[in-house]
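Inspection log for the structure reproduced underneath, given as structure tokens.
The values are calculated or read from the model by the stated rules, or taken from the named source; none is laboratory data. Computed from a predicted model, the values in this text were never measured in an experiment. In this analysis, Cβ positions are derived from the backbone assuming ideal geometry, glycine residues included, and neighbour counts consider all displayed protein chains. Each accessible area value is taken on the protein alone, full model and side chains, heavy atoms only, with ligands, DNA and RNA left out. Shrake-Rupley method; radii C 1.70, N 1.55, O 1.52, S 1.80 Å.
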Amino acid sequence: MSLTAIGLVIVATIGIGLFGLRISRTTSDFYVASRAVTPRWNASAISGEYLSAASFLGVAGLVLVNGADMLWFSVGYTVGYLMLLVLIAAPLRRSGAYTLPDFAETRFESPVVRRICSFLVFGIGTLYLLPQLSGAGLALQTVTGAPTAVGAALVAVIVVINVAAGGMRSITFVQAFQYWLKLTALATPIFVILLAWRSADHPVGVLESLHGAGAQWAEPLSQAGGRDHPLYATYSLLLALCFGTMGLPHVLVRFYTNPDGRAARRTTVVVLALLGAFYLFPPLYAILGRSFAPDLISGSADTVVLELPGRIFPGTAGDLLGALVAAGAFAAFLSTSSGLTVAIAGVIDQDLLRHRLHRLTGGDYLAVNSFRIAALLAVLVPYLAFNLTGALSLADTVGLAFAVAASTFCPLLVLGIWWRKMSTVGAAAGLVVGGVAAITAVLVNVIGPPSAGWPKALIGQPAAWTMPLAFLTVIVVSKLTPHKIPRGTARSMVRLHTPEAVDVDRGLPPA
């Protein structure tokens, strides 16, 4: 039954993607949906791609094992959009860029800064794609027993088909549909469980699991799950999630699809409401899992959302609810992977493929075709990396991607938008220093993190020191190199902060 539900999600995803193909013809359609997506559609699409494997499966798994402190994942994922709304949403849309590297080159007038940004977009996107592929493999293995590589390959193939078919225009419809599917899939079993629990004469010990042996689990800032220095880890995690959101390439590229800066702000407000509604439910799965699936605490905790309906309702009812959850999980992997693929493919196309194809064909090629080749490469590299690294903790891996984003693109965007004295050398230095520090921490985590103490805490949650280091580097180097401030800074700042209703060239409302 779960396999049938997954099949229906795949058919619906491909069908909606092919519908997008009918109206995707130009380069602008493929990159930014011709900048014509309304706030409600865009908010649903952003929420669809943002709610990844880490949100659908990983948060519940982390709360199940590590307790109340992991609720900060849900809070941080949502608050990140508040930071984005206040600091960069409207100016970023007014920049007129297609991608993050486009923005960097326009603001700092430097191909070097652009190349560094391109490398980081590819790195962050690849790191974020790994848990999507891992989650897809885990979900398919849970419901069918198939090897994890099969689920990962299935998601990779579907994403390439959808992105190559219609680009941003196509996946906008797909992701909007998938948000509402995910919310329904996560909420329905919880409501059914709570109704059954309320009607039972003697509810099975859900509340009892929060006392006695479970007291430490329910207590904030405890060392449940073997965490060292929980206060530092909590603050570092919040920094990564709150400020890393504004550095995620697949999130930022969607704001380029709004008609103007005002629409970008309205989109962000709606996103906050949609994310808040979604994140009410994963912690409930974790709490119920303490009683109904305690074996998962020391086993595969990330599967608690998938397994809980069958544990509580053996038989047909459990199978139906489990099938619905499995469909929602697959929608999560597909929507986030699609957004990441578009962001990575845009960078590969513009900075790697297009010029080479132009030289090879003498200009006789279609830009859309180079984007499609880039989409294939954007998925192929993470898939190969997934087969080398194997299964990863979903939310932990995504948290590291947020830490890299917070340590690189966050300083670039915040200071680049709001500080006139930021120099080209300062921008490049901040990207390099923050990127090297955060990526080193990620590699140490993958290869073999420290076993205990401050080294484990600092490497496991690096944002609290890598992000301030990046900001400090930008400020100090920019102060030391005032002669490297871009000549067009004043004009760039006017463009970023002037509403679209005003003609920047004349300082008057357009005719």
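Within a Cβ distance under 12 Å of Ala164, other residues only, what is the Lys/Arg minus Asp/Glu net charge? Numbers along the way, then the final one.
Working: positive: Arg372; negative: Asp349.
Once positives and negatives cancel, what remains is 0.
When ligands, DNA and RNA are left out and all protein chains stay put, how many square angstrom of accessible area per residue does the stretch 216-355 have with a 1.4 Å probe?
Working: 4330 Å² over 140 residues.
Using a 1.4 Å probe on heavy atoms only, each residue of the stretch 216-355 averages 31 Å².
Hey, any idea what the orientation-averaged projected area of the convex hull of the stretch 56-177's Cα atoms comes to, in nm²?
Numbers: hull surface 41.2 nm².
That works out to 10.3 nm², a quarter of the Cα hull's surface.
Which order do the peptides 293-300, 90-97 take when ranked by the mean count of other beta-carbon atoms within 10 Å per residue, highest first?
On the way: 293-300: 14.9, 90-97: 21.6.
Taking the mean over residues of other Cβ atoms within 10 Å, the ranking is 90-97, 293-300.
What are the semi-axes of the equivalent ellipsoid of the stretch 87-131, taken as the square roots of 5 times the eigenvalues of the Cα gyration tensor, listed largest first and rounded to whole Å?
Values: eigenvalues 85, 44, 9 Å².
Semi-axis lengths for the stretch 87-131 are 21, 15, 7 Å.
In terms of Cα to Cα distance under 30 Å, which lysines are near enough to Lys484, apart from those fewer than 8 places away along the same chain?
Partners within reach: Lys421.
Quick one: what does P(r) look like for the stretch 242-313 with 5 Å bins over all Cα pairs, in whole %?
With a bin width of 5 Å, the distribution comes to 3, 13, 17, 15, 10, 10, 12, 10, 6, 3, 0.
Before anything else, pin down the relative contact order of the stretch 221-341: Cα pairs under 8 Å, at least 6 apart, normalised by residue count, whole percent.
It rounds to 17 percent for the stretch 221-341.
With every protein chain kept in the model, how would you rank Leu340, Leu18 by accessible area, 1.4 Å probe, largest at the top?
Leu18, Leu340
Using alpha carbons only, how many angstrom separate the centre of the stretch 55-72 from the centre of the stretch 98-141?
26
So, by mean Cβ neighbours within 10 angstrom, what's the order for 371-379, 40-48, 106-114, 170-178 with the highest one leading?
The most tightly packed comes first, giving 170-178, 40-48, 371-379, 106-114.
So, taking all protein chains as they sit and a 1.4 Å probe, how much accessible area belongs to His483, in Å² rounded to tens?
140
Provide the FRET efficiency to the nearest 0.05 for the Leu194-Ala277 pair, computing r from the beta carbons and using R0 = 22 Å.
Values: r = 16 Å, r/R0 = 0.74.
Efficiency for this residue pair is about 0.85.
Could you sort Lys182, Lys456, Lys479 by their accessible area in this structure, using a 1.4 Å probe and putting the largest first? Let's see the in-between values first.
Working: Lys182 0, Lys456 70, Lys479 130 Å².
These residues rank, largest area first, as Lys479, Lys456, Lys182.
Given the whole protein assembly as supplied and a 1.4 Å probe, what does the accessible area of Glu219 come to in Å², nearest 10?
100
Starting from 0.36 nm per residue, how many nanometres of slack lie between Val157 and Val381 once their C-alpha separation is accounted for?
Length difference between fully extended and current span is 79.3 nm.
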